[in-house]
Structures are given as structure tokens and as C-alpha cells.
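Asks: Supplied in C-alpha cells, the structure appears directly below.
The values are calculated or read from the model by the stated rules, or taken from the named source; none is laboratory data. Predicted model only: the values in this text are computed from it and were never measured. All Cβ positions, even for glycine, are placed from backbone atoms using ideal geometry, and neighbour counts span all protein chains on display. Heavy atoms of the whole protein, side chains included, go into the accessibility calculation; ligands, DNA and RNA do not. Shrake-Rupley method; radii C 1.70, N 1.55, O 1.52, S 1.80 Å.
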Amino acid sequence: MLDLQRLRALHAVSVHGTVGAAAAALGYTPSAVSQQIAKLERETRTVLLEREGRGVRLTAEALQLVDTAEQLLSIVERAETALEERRGVPAGRLTVAAFASAARGLMPAVLADLARRHPALDARLTEVDPHLSVGLVARGALDLAVAHDWDIAPLPVPPGVEQAVIGDDPCTLLVPEAHPFAGRASVRREELGGERWVCQPPGRVCHDWLVRTLRAAGHEPDIVHQADENPTLVALVAAGLGIGLIPRLGRGPLPAGVAEVPLDPAPVRRLYALWRTGAAGRPSITETVRVLREQWPKATAAEPAL
């Protein structure tokens, strides 16, 4: 008889792409995941993973087992959901994903609140890019995801996934304190031409928003520095190396040497909670969404400068 936990490990490797990423999602060590799959190979007398460069590739037999695993895990999820609904209280494991600034600026308070109110609930967080997390929810690899979109890039939500708005995250212009924009009541988008920018790399939503917005206003953006993390972008602005457009969530207090200036009109990104339709009745899902909305105003309150 096939072991469900071993099938879950194989399914996680298929979803996340590597043994290491699968281990992080499951809360195991990479060696534990490798051992589970090795045991599954012995049980099935089949090679399931093949080395490919530094990673692994699932064999045709493994992909067939993954399809079976998805069906079995879906059945288990429905059974667990029914039991949780019957109890009427949040309980059991809840896997949650959030993008970087939400994981930093929102989720610690949410997870602490859930742990305090619901000791039977085991909520576990993984940091995942929003456009990846939606697919992981749809495939059953995550129970709930916190994702975001912008007006120029609506979040695609596949069939079988539901969403609820958490709140709107304002995005403001950060400039060195000696910059001509510092101290202004607001800056129009048409005034942004000729500036040197610090920004996230291409392919990130913030980067795409900046490029499209400036081009729509008739300016080609001069992006001189790129960094993944907002604290790095803030540090570059503080050093006088450019200006940046950064959302408030997870940004933290601004250091000396940086001024915050509103844009007119103000860019806003919207945050959502997403979960599978079949799990909509789980008390752990509904309670987590409620706490996310409850904590949201505190997470986006303006921070004083350091």
C-alpha cells in the first residue's frame, strides 16, 4: 500500500521544483524528503527522480504518481475540512504563503494573534512570490495565500480559487532629503522625467508598474540601481543615489536622509487572501481572513522616521 506522506513529499517536489524547496514548504529537512522519496521508490520498485544538473527531474512514472497523489490529497483535504467544519473551531495545520513585504509587515502579528486565540491551529508561513502562490493554492500545495496586484496587472485567479480583499497598500515616492521634491505636498507623475531611479528588477510588479507609468507620462525611466528587497532600496535612496517608489507595507521607519512625498494620483496595490473553493467552509480559513483584515490598518499605519 502506498504511503500518503511519501506521496505528499513527491507531490511537493513536483510543485516546488526542487527537494530543498519542497522540504521548506512541508516543514521538513531536505534529507527527510529525500528519504521519503527513496522509500517510495523501493515500495514501487520504480525510479522516481533523476539527477539533472544541480536539480532533479521527475520520471514519467513519478508524474503518474503525482496525479494520483493530487487526487488522494484532495480527498484527505475534503475529509479534514468536513471534520473542522463539524467542530466549528480553527484546528489542524494551515499552510500559508505571503510575498516578502507582507511576510515581514503583516504576517507576524496575524500568526501571533491566531496562535494566542486558537492553540489547536498550527499555522505555518512560507514566503512566496504572489504570482507563484496563486498556482500553489490552486494545486493544493498551500491552504491560503496572501497576494497582491496593481491596476496595470490584475491578479489572475484560476477556477476553483476564491479571494477576499484584505486592503489597499499606498505607494509613495522616496527621495533624498536634499532633493527638490522633498517637502512638497505632492508630485505629479508628469514631473518624474529625468530622474535616476532605484527599483526592483524586471519581472517584478513594482518594476513593471514604474516603467509603464513613466512611459505613459512620456518619460523613459533611467533605472540606475536594482535590488530585490525594499530595505536595500531605501538605503540607496538615503545615500542620495536615486529616488524610489515603494509601498508602505513592511517598509519600516525611514532612516535619516530620506523624505516621503505623495504622488498625485497615488499608486495603490491591493492585497488579497486566496484559498480553494472546497476549503471555503474551514473555520481556520475564515478566521485567518478575519484576522488579516483586522490587523491590516495597523500594518499600513505611517511609520515615523528614525
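Asks: Would you be so kind as to identify which of G203, A100, Y28 lies farthest towards the positive end of the dipole of the chain, taking Lys and Arg as +1 and Asp and Glu as -1 on Cβ and the Cα centre as origin?
Replies: Y28
Asks: Distances longer than 32 Å among the Cα atoms of the chain: what percent of all pairs is that? Could the numbers behind the result be given before it?
Replies: Values: 17699 of 46665 pairs.
Above the 32 Å cut-off, the chain has 38 percent of its Cα pairs.
Asks: Where in the chain lies the longest segment free of trypsin sites (Lys or Arg not before Pro) that are both loop residues by DSSP (not H, G, I, E, B) and have at most 12 other Cβ atoms within 10 Å?
Replies: Of all site-free stretches, the longest is 55-306.
Asks: Okay, moving on. Treating the beta-carbon of each Lys and Arg as +1 and of each Asp and Glu as -1, no other charges, what is the dipole magnitude of region 77-133 about its Cα centre, to the nearest 20 debye? Intermediate values should be presented prior to the final figure.
Replies: Details: 8 positive and 8 negative charges, 42 e Å.
Around 200 debye, computed over region 77-133.
Asks: Please state the shape class of region 47-187: rounded when a/c is under 1.5, otherwise prolate if a/b exceeds b/c and oblate if not, all from the C-alpha gyration tensor.
Replies: Since a/c reaches 1.5 but b/c is at least a/b, the shape of region 47-187 is classed as oblate.
Asks: Let me ask you something else. What fraction of the DSSP beta bridges in the chain is antiparallel, stated in percent and rounded to the nearest 5? Mind showing how you got there, number by number?
Replies: Numbers: 28 of 45 bridges.
Here the share of antiparallel DSSP bridges comes out near 60 percent.
Asks: Leaving out ligands and nucleic acids, and using a 1.4 Å probe, what accessible area per residue does the chain come to in Å²?
Replies: Ligands and nucleic acids excluded, the result is 48 Å² per residue.
Asks: Using only Cα atoms, tell me the angle between helix 107-117 and the longest principal axis of the chain; keep it within 0 to 90° and round to the nearest 10.
Replies: Around 50 degrees separate the two axes.
Asks: Assigning unit charges at the beta carbon (Lys, Arg +1; Asp, Glu -1) and nothing else, what dipole magnitude in debye, to the nearest 20, does region 1-68 show about its Cα centre?
Replies: Values: 8 positive and 7 negative charges, 35 e Å.
Computed charge dipole of region 1-68: roughly 160 debye.
Asks: At 222 nm, what value in deg cm²/dmol follows for the chain if DSSP H runs of at least 4 each add -39500 (n - 2.57) and the sum is divided by all its residues, to the nearest 500?
Replies: Per the formula, -13000 deg cm²/dmol.
Asks: Convert each backbone phi in region 13-20 into a coupling constant with the Karplus relation 6.51 cos²θ - 1.76 cosθ + 1.60 (shift: θ = phi - 60°), then list the ³J(HN,Hα) values in order as whole Hz, x for Gly and Pro.
Replies: Each residue of region 13-20 in turn: 5, 4, 6, 8, x, 9, 5, x Hz.
Asks: Counting only other residues whose beta carbon sits under 9 Å from that of L94, what net charge do I get with K and R as +1, D and E as -1?
Replies: Details: positive: R93, R124, R282; negative: D122, D143.
So the environment of L94 carries a net charge of +1.
Asks: Only four residue types carry charge here, +1 at the Cβ of Lys and Arg and -1 at the Cβ of Asp and Glu. Report the dipole size of the chain about the Cα centre in Debye, rounded to the nearest 20.
Replies: Here the size comes out at about 600 debye.
Asks: Would you be so kind as to identify which of V19, T213, A120 lies farthest towards the positive end of the dipole of the chain, taking Lys and Arg as +1 and Asp and Glu as -1 on Cβ and the Cα centre as origin?
Replies: A120
Asks: In addition: Using Stokes-Einstein with the Kirkwood hydrodynamic radius over Cα pairs, what translational diffusion coefficient do you get for region 24-89 at 20 °C and a viscosity of 1.002 mPa s, in µm²/s rounded to a whole number?
Replies: My calculation gives 152 µm²/s for D.
Asks: Related question: Using the Cα centre of region 221-281 as origin and beta-carbon charges of +1 (Lys, Arg) and -1 (Asp, Glu), tell me which of G252, T277, G240 is placed farthest towards the positive end of the dipole.
Replies: The Cα lying farthest towards the positive end belongs to T277.
Asks: Got a sec to turn the phi values of region 240-250 into Karplus ³J(HN,Hα) couplings, 6.51 cos²θ - 1.76 cosθ + 1.60 with θ = phi - 60°, whole Hz, x for Gly and Pro?
Replies: x, 9, x, 10, x, 10, 9, x, 6, 4, x
Asks: Still on this structure: Which far-off residues, 5 or more places away or on another chain, put their amide H under 5 Å from the one on A91, with H placed in the peptide plane?
Replies: Distant-sequence amide H within range of A91: S284.
Asks: Round to a whole number: what % of the accessible area of the chain belongs to carbon and sulfur, probe 1.4 Å?
Replies: C and S fraction of accessible area: 53 percent.
Asks: In addition: Below 12 angstrom from the Cβ of G193, what's the summed charge of the other residues (Lys, Arg +1; Asp, Glu -1)?
Replies: Overall, the nearby charge balance is -1.
Asks: Follow-up question, since we're still on this one. Tell me, what HN-Hα J-couplings in whole Hz come from the Karplus equation 6.51 cos²θ - 1.76 cosθ + 1.60 at θ = phi - 60° for each residue of region 172-179, using x for Gly and Pro?
Replies: 10, 8, 10, 9, x, 5, 8, 6
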